[in-house]
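First up is the structure itself, then whatever we jot down about it.
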Amino acid sequence: MAIWSTEIKELERLYESLKGQLPDLDKELGRLVKADDENMILLYSRRCLEVIITDVCECELKRERGTEPLKGIIDKLHKEKKIPAHIVSSMYGLNELSTYGTHPKDFDPEQVKPVINNLLIIAKWYQKYKEYRQSSAIQDGGANISEEVVSKKEQDKKSVTTKKRPNKRIKNRVLVAVLTIIGLISVILIYINFFAKGKVNYSTSEEILNKAIRFYDFRNQWENYYGKVHLTTVTAEDKYPVNQIIEIQTKENYYKCSTILADGVEVRGIQDGKFFKGTDSIIYKGNEQIKEDERLDIQFYRGHHYMHFGSLMELKNSDLILEKRVKTIKFQGFNCLTLVFRNDTSKMRNVYFKRVDKITVYINPQDYSIRGYRETGAYNFYAVCSGLLSINGIKMPKCKTYFNNADDSFRWVDLFTTAE
C-alpha cells in the first residue's frame, strides 16, 4: 500500500462531491485519483493547481494568466489580498514540491503526502469560492431585474397623470413607522455588539491561554510527551525544499533533528543534558567536542522545534510575561483574541525566547485554536497557521506560513506530516 493512500482516499471523496460542478478541475482530479506513480501524482496535482490559479487570476485580477509562472500569479494574488493567506501558503508549498513531478530530479516519496494535503486544502477552498461567486452573480441578476421593474413603474406613473396623489398624512405615518423600525434595529445591534465584546472582558488572559492549551493538549500530556514529525520547509530564497525529521521528549528535555541530504542524513540534538551532532554513521557526543556557537545553534533550534509541537505550552512555561489585557482585533480577516507575551531580558534563560521582544498570539474565539502569531525583536515575522495534525494525542498546525512584519512579503512555509 502506498504511503499516501490515506490522502488519496480523502481526495477521492472530494472528487465525488465535485463531480459535474467544476468540469476543468474534475478532469484533472479524475486522472489524479487513478494515478499510482509518485511522479504522475505530482504532475496531476500541479495541473489541478494550474486550473484553479488560472480561473482565480481571470476572476480576481481581471486578465488571462498567459504564460506567466504560477509563482508570479500567486505573489500577485497574495499582495493584493485576493485570497486568504493560509490558502496562499498551501499554493506556495504545492507549487514548489510538485515541480519534482515535471522535472527529472530526485525527491523523497514522503513529499507526495504534503502535496496532496495542500491540494485538498486548496480545492475545498476553491469549491466554496466558486459557490460564493455563483450566488453573488444570481443576486446581481436579481438586482437588475428589480431595477427594470422599478423603471417600468416610473414610466407607468408618468403616463397616468390623472392618478390621485397619496394623502400627506399617510406619507408621514409611513415615514415615522420606518424610522422607528430602523431605530429599534440599531438599538438591538448595539446591544448585541456591546455584550458580545463584554464576554471577552470577563475572561482573563490566563483563562483564555488555558482554554487554548486544552484545545491542543486535552489530556494534559505535555510534561511527559514524546513526538515525532516530518517537516518540509520551503523558503523564498532556496531552490530546493529542506526535509527534516524532528523528535522530542519533553520530560527528558530530549531533542533530535535529522536533516535528510542527498548523500545521507545530518543529525544534531540534546540527550541527557549533553549535545550531539554528526551523520547517520558518525556521531560526536559531549559538550567538549562541540563548539560553543554550535551548542547555541542547537539550543536555538531546540526551542524553535519545540514550539511547533506545543507553542502555547512552551510560552506558558517560559519566562515571558503574559499581559493581563485581552483585545479583540482582526487578523487575516478574522476577529481574534490576543495573548501578548513580553520579554524580560534580565530573567530570560531560554536561548530561543532571548531574541524576542514580544510575541502576540491570535486566538480563534470560537474554539480557542491558533490562527497565527507575530514575533517582534530579532525575528520580526508573523505566521499564519492552517490545518490540524494529531501527533501522539497532541494537536499541532499542519501548515505554518511566515511573512515579514514590515511588508507582508513571503519568507518560508513549514509543512508537517506524520513520520514513519
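What follows draws every value from the coordinates through simple rules; no lab data is involved. Just so we're clear, the structure is a prediction, and the values are computed from it rather than from any experiment. With ideal geometry, Cβ positions are generated from the backbone for all residues, glycine too; neighbour counts draw on all protein chains shown.
For the stretch 256-305, the convex hull spanned by the alpha carbon atoms encloses 77 Å³ per residue. Ranked from largest, the principal axis spans of the Cα set of the stretch 206-418 equal 52, 37, 33 Å. I want to verify a result. In a Gaussian network model of the chain, Cα cutoff 10 Å, which of these has the top mean-square fluctuation: His304, His86, His230? Answer for the Gaussian network model of the chain: His304.
With each run of n ≥ 4 DSSP H residues scored as -39500 (n - 2.57), what mean residue ellipticity at 222 nm is computed for the chain after dividing by its residue count and rounding to the nearest 500 deg cm²/dmol? Rounded to the nearest 500, the figure is -16000 deg cm²/dmol.
For the pair the stretch 1-73 / the stretch 211-258, the C-alpha centres are spaced 29 Å from each other.
Structural size metrics of the stretch 1-105, computed from C-alpha coordinates, are Rg and Dmax of 14.2, 44 Å. In terms of distances greater than 29 angstrom between alpha carbons, the cross-link table entries Lys19/Lys398; Lys27/Lys330; Lys327/Lys354 yield Lys27/Lys330.
Our summary gives the chain a relative contact order of 13 percent, counting only alpha carbon pairs under 8 angstrom and 6 or more residues apart.
Bridgeable aspartates and glutamates around Lys34 (alpha carbons under 14 Å apart, same-chain partners fewer than 8 residues away excluded): Glu7, Glu10, Glu12, Glu16, Asp26. Relative to the first principal axis of the alpha-carbon coordinates of the chain, what is the inclination of helix 205-216, with its axis defined by its Cα atoms, in degrees from 0 to 90 and to the nearest 10? Roughly 70 degrees, rounded to the nearest 10. Semi-axes of the equivalent ellipsoid of the stretch 319-420 are 22, 18, 16 Å, computed as sqrt(5λ) over the eigenvalues of the C-alpha gyration tensor in descending order. Note on the chain: along the principal axes its Cα atoms extend 105, 53, 37 Å, ordered by decreasing extent. Listed by chain and number, the aspartates and glutamates whose C-alpha is less than 19 Å from the C-alpha of Lys82, apart from same-chain residues fewer than 8 away, are Glu50, Asp55, Glu58, Glu60, Glu64, Glu68, Glu131, Asp407, Asp408.
Only Lys, Arg, Asp and Glu carry charge here, each on its Cβ (+1 for the first two, -1 for the last two); on that basis the chain has a dipole of about 3120 debye about its Cα centre.
Per-residue Karplus couplings for the stretch 275-285, computed as 6.51 cos²θ - 1.76 cosθ + 1.60 with θ equal to phi - 60°, are listed in order as 7, 9, 7, x, 10, 5, 10, 10, 10, 9, 10 Hz, Gly and Pro entered as x. Over the stretch 203-257, the reciprocal of the mean inverse Cα-Cα separation, the Kirkwood hydrodynamic radius, stands at 13.9 Å. Note on the chain: dipole from Cβ charges, positive end direction compared against Thr180, Ser318, Val351; the farthest Cα belongs to Thr180.
Summing charges over all other residues whose Cβ lies under 14 Å from the Cβ of Phe353, with Lys and Arg as +1 and Asp and Glu as -1, gives +3. Across the options Ile245, Tyr92, Leu14, the greatest Cα extent toward the positive end of the charge dipole of the chain (unit charges at beta carbon of Lys, Arg, Asp, Glu) belongs to Leu14.
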